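These notes are about the structure you will find just below.
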Amino acid sequence: MNKPIIEIKNIKKKYNISHQRGGYVALRDVFTNILKNPFRFAKQKAKQVAGIGTKEEFWALNGVDIKINKGDIIGVIGHNGAGKSTLLKILTGITPPTEGEITMRGRIASLLEVGTGFHPELTGRENIFLNGAILGMTKKEIVRKFDKIVAFSGVEKFLDTPVKYYSSGMYVRLAFSVAAHMESDILLVDEVLAVGDADFQKKCLGKMEEVTQAEGRTILLVSHNMGAIQRLCKKTVLLNKGKVVFYGDTKEAIECYLDNEDAVSSNSKLFPAVAKDVIINDFSIHQDGTRTNYIDNDKPFEVTIDFETLRDLELFRVGFFVRNAIGDTLTRSLAADWNPNAENIKKGYHQARFVFPAKLLMPGDYFFVLHSSCYGVADYFGYNIHKVITVSRPTEYNMAHINEPPSSNPSMILLKDKWEIKNLNK
Ligand SMILES: Nc1ncnc2c1ncn2[C@@H]1O[C@H](COP(=O)(O)OP(=O)(O)OP(=O)(O)O)[C@@H](O)[C@H]1O
Ligand SMILES: [Mg+2]
């Protein structure tokens with residue numbers, strides 16, 4: 001029996017966090033904030049003052065043990081802040097573990113969250129060579145792969161542009177292509193499938209299947225897209241608050257993940273989530289004025305996004321996607337869908353609120369995935385902020401029909417209108 005290609009033994013990672021959001025605040029902004037919204041400013045200021053000097057230790061990973069065999073595709077899932085990206089960063093050596101030991105029997109290529117891996121000042125072409133060199137490939141080897149990498153990525157035209165000018169979609173296309181074509185034994189992929197368009201996502205999934213089957217490469221795939229995880233991974237690790245709560249059959253892992261929503265959602269240190277020009281302060285679901293994950297199907301519920309823009313933005317989109325538990329997208333709804341003016345948004349604090357109608361969804365679990373972007377320019381959160389809700393059975397719905405196994409009733413939309421049956425004998 002061969003030894004595992006990756007052995008992770010009792011890995012822990014501690015961060016020291018201060019409660020201040022930090023960053024440079026210009027005096028001018030302080031005054032405009034006070035004038036525009038004195039109450040909010042006072043509250044924030046109080047929080048900041050209270051936060052000064054209070055440093056908290058935080059265990060992003062708290063004793064993780066995993067063994068992975070060569071040729072496996074392993075899914076890594078868990079709620080926002082569970083420690084998935086931290087685990088991948090430790091495996092690539094970007095950040096060291098506080099405790100524990102990792103044994104890796106192979107070369108690693110990685111594709112982490114947008115913003116790591118590539119050098120922003122270098123062009124696409126230069127980054128391809130840099131990444132190859134880091135993996136220990138010779139220039140000749142890289143040249144041999146170069147055309148394939150470029151063709152797969154579809155960014156030929158921008159090869160000589162510094163990657164800092166790429167849109168997040170272009171960036172991910174090139175980064176995935178580089179990671180997938182390089183000669184490595186292990187490929188680590190963090191959440192990138194969310195950024196590209198649907199065609200590119202499909203291409204990536206196909207490529208990952210191909211490199212494991214044909215080349216025996218091992219893949220660790222972090223994703224909130226349960227459809228992709230289910231399709232690609234036989235085994236899945238479920239992380240919760242820095243611990244492995246399940247490692248085994250993917251279907252069971254996903255079920256366990258959905259069951260756990262309630263226990264973990266209140267504990268996320270996700271907000272404020274910061275991306276370039278936009279800060280998401282909260283993404284929440286309310287019914288009858290109470291924050292909840294359990295939706296009574298007979299009544300409407302509200303989806304609320306609290307956000308701050310750091311400058312005036314054009315073509316700004318904010319809203320959500322609704323996905324079912326295996327990753328199919330039911331719908332997308334953005335604040336500017338029926339109101340083009342909402343795409344021009346002024347610097348400052350905003351709240352976007354959407355009332356989701358009663359009796360629209362079949363009972364079951366759904367992901368509300370936050371979306372925020374400037375069209376064609378930037379995807380701010382890569383679709384990784386989400387809420388899972390469980391929707392109940394509407395009261396009058398025929399019990400016998402609702403209790404059918406999901407395979408015989410795989411629908412997601414509930415039609416409110418009722419049938420009429422006429423007796424035509426006469
Ligand atoms: N550099 C850092 N300093 C302080 N805390 C950090 C740092 N990096 C991550 N954390 C915290 O560690 C926890 C785990 O973060 P991590 O990014 O691994 O989560 P994740 O599972 O990838 O979440 P997501 O689904 O949102 O991508 C979070 O609470 C995060 O706030
Ligand atoms: Mg992450």
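For this structure, a couple of remarks:
- Strands (runs of 3 or more DSSP E) enclosed by segment 1-80 - at least 2 residues per element that are open to solvent by 50 Å² or more (accessible area, probe 1.4 Å), closer than 17 Å to GLU99 by Cα and modelled with pLDDT of 80 or more: 6-18, 55-68
- Pick from segment 106-120, criterion surrounded by fewer than 17 Cβ atoms within 10 Å (Cβ to Cβ) and within 16 Å of ligand 1 (Cβ to nearest atom), ranking: modelled with the lowest pLDDT: GLY115
- Residue check for LYS89: closer than 30 Å to GLU209 by Cα, basic (Lys, Arg) and either open to solvent by 60 Å² or more (accessible area, probe 1.4 Å) or modelled with pLDDT under 50 (or both): no
- For the condition among the small types (Gly, Ala, Ser), in the same structural domain as GLY75 (by TED's automatic domain parsing) and not in a helix (DSSP H, G or I), GLY327 does not qualify.
- Close pairs from segment 228-246: first over 24 Å from LEU270 (Cβ atoms), partner open to solvent by 70 Å² or more (accessible area, probe 1.4 Å) and not in a strand (DSSP E or B), Cβ under 6 Å, at least 6 apart: GLN230/ILE326
- Top-ranked residue in segment 330-378 [being assigned to a strand (DSSP E or B) and open to solvent by 70 Å² or more (accessible area, probe 1.4 Å); ranked as farthest from THR390 (Cα to Cα)]: GLN351
- For LYS157: the one exception among (1) assigned to a helix (DSSP H, G or I); (2) in contact with a helix residue (DSSP H, G or I) (Cβ under 6 Å, 6 or more places away or on another chain); (3) at pLDDT 90 or above: (2)
- Set LEU220, LEU239: member being closer than 16 Å to ALA109 by Cα, in a strand (DSSP E or B) and within 16 Å of ligand 1 (Cβ to nearest atom): LEU220
- Some residue of segment 303-318 being polar (S, T, N, Q) and farther than 19 Å from VAL278 by Cα: no
- Filtered residues of segment 93-105 (kept if at negative phi and surrounded by fewer than 19 Cβ atoms within 10 Å (Cβ to Cβ)): ILE94, THR95, PRO96, THR98, GLU99, GLU101, ILE102, THR103, MET104, ARG105
- Matching residues, segment 121-135, being assigned to a loop (DSSP other than H, G, I, E, B) and at pLDDT 85 or above: GLU121, LEU122
The values are calculated or read from the model by the stated rules, or taken from the named source; none is laboratory data. All values reported here derive from a predicted model rather than from experimental measurement. FYI the Cβ positions are ideal-geometry reconstructions off the backbone, even for glycines, and counts take in every protein chain you see. Ligands, DNA and RNA are stripped out before the accessible areas are found, and what is left, the full protein with its side chains, is counted by its heavy atoms. Shrake-Rupley method; radii C 1.70, N 1.55, O 1.52, S 1.80 Å.
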